[in-house]
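Reviewing the structure listed below.
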Amino acid sequence: MLTKHTQTNVPAAACSRYPHPTMSSILIVLLILAICTAALAGPAVPVVPVLPIQDLQPRPYQYGYAFADGLGMSQHRNEVADGTGAVKGAYGYQDPLGVYRNVEYTADKDGYKAVIRSNEPGTSNHAAADAVYIVELPPPAAVAQGLRAAVPVPKLSI
């Protein structure tokens, strides 16, 4: 025997004892689960412990070196700090042709000051900022090699 189906205006979910959840409620549950999982997992970046502030007061020191290659090239450097923040030092070189540069410097509360003594071709006596250049004529071997000789200018007094 066939039965006749009747149509009603009641939604199927209302007729069911266990209504089906909507897509938005599923997304809300998944979002809450994701947030809880992240909160329980801890930070994604490891926490670095804060180190105590170190005492960065200047300390006295002294160092230096000098060497030569046996073929006419030599270099040197020395530096001394007095523990108040003032540093004095010198460095320089000489090449096999006799071209040299020697720098004496002081760095303290008044800034960096240098005196550069040289016979490098193309340089001249002058003062720039807190640096004074005292230049001699280049050695004959450097001039013979075609390097430009410095133009003699009056010597600066320090």
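The values are calculated or read from the model by the stated rules, or taken from the named source; none is laboratory data. Note that the coordinates shown come from a computational prediction; the quantities given were computed from them, not determined experimentally. Backbone-built Cβ (ideal geometry, glycine too); neighbour counts: all protein chains shown.
Within the bounds of the stretch 115-123, is there any residue that is surrounded by 13 or more Cβ atoms within 10 Å (Cβ to Cβ), within 29 Å of the chain's Cα centre (by Cα) and modelled with pLDDT of 95 or more? So far as the stretch 115-123 goes, yes, one or more of its residues are surrounded by 13 or more Cβ atoms within 10 Å (Cβ to Cβ), within 29 Å of the chain's Cα centre (by Cα) and modelled with pLDDT of 95 or more. For the stretch 87-106, the criterion of being under 24 Å from the mean Cα position of the chain (by Cα) and within 27 Å of Val143 (Cβ to Cβ) is met by at least one residue. The single condition among (1) surrounded by 10 or more Cβ atoms within 10 Å (Cβ to Cβ); (2) at pLDDT 85 or above; (3) not hydroxyl-bearing (Ser, Thr, Tyr) that Ile26 does not satisfy is (2).
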